[in-house]
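Here, each number is a calculation from the coordinates, and none is a lab measurement. Keep in mind that this is a model prediction, so the values were computed, not measured. Cβ placement follows ideal geometry from the backbone for every residue including glycine, while neighbour counts extend to all protein chains displayed.
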Ligand code: GLP
């Protein structure tokens, strides 16, 4: 690994794209600050900030910090438009396990975002309506001028959003089938694997990689193996996160555990 050095919070960097933190909260605060900077910059120039958001346990600290910035520092989200990566299918937005519920309880209910500016794939569509809906989701992102930043976690299968192994670089928003490991990982949320939906609507790999900036976060030992493959393995549809290696505008925010198998 090149450019190995140590600072107070960051234990090492590789070509500035990989930042490893010993403290998860410091890592989350860094990501929140990056998002806040975009929001404030756009406010200064009278534009909207178009932010791609993720769910899962990993970005919770980022949302906590953004809520704190709103409450303590007056960070406003009035100029913010959000697009979430994915949603289970089928699912009702009011279900506890829906990503709509997740986003409301972790972020949207605590900030001053205009609820018309929030976009999360709809888990209640009829099967026949899904593709047209997905095409419109893509078009809306384009109409807003594209995503200024996309936040990502990573699944143990190497998925980003719900782009499971087999997803191609050119994929766009669509209905997908969830991998067995992914459903296993979600079983506690749903009270049993058999209750986890077998499908989801997700932005595609192309949708994600077209964002002007991408931040992938991984915090915990559980992610160490997949992080090694995603960052240092060959680029392959078997591990969709490897497609990010092609990007110049991607940053990996890791804790020491998630980074523990990277070669140094
Ligand atoms: C789900 C989400 C992904 C997320 C992943 C990891 O599959 N669709 O966007 O990255 O979970 O979740 P966690 O952060 O809880 O490990």
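Odds and ends about this structure:
- Residues satisfying the stated conditions in region 178-200, i.e. in contact with a strand residue (DSSP E or B) (Cβ under 8 Å, 6 or more places away or on another chain) and within 10 Å of the ligand (Cβ to nearest atom): 178, 200
- Yes/no for residue 135 being touching a helix residue (DSSP H, G or I) at 6+ places or on another chain (Cβ under 8 Å) and away from the ligand (no atom under 13 Å from the Cβ): no
- Any helices (runs of 4 or more DSSP H) falling wholly within region 168-264 and containing at least 1 residues that are surrounded by fewer than 16 Cβ atoms within 10 Å (Cβ to Cβ): 180-185, 187-190, 224-232
- Residue match in region 48-67 (condition: surrounded by fewer than 19 Cβ atoms within 10 Å (Cβ to Cβ), under 22 Å from residue 203 (Cβ atoms) and away from the ligand (no atom under 14 Å from the Cβ)): yes
Each row is one residue, and each column tells you yes or no for (1) away from the ligand (no atom under 12 Å from the Cβ); (2) in contact (Cβ under 8 Å) with a residue 12 or more places away in the chain.
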| position | (1), (2) |
| --- | --- |
| 202 | no, yes |
| 214 | yes, yes |
| 224 | yes, yes |
| 227 | no, yes |
| 230 | no, yes |
| 235 | yes, no |
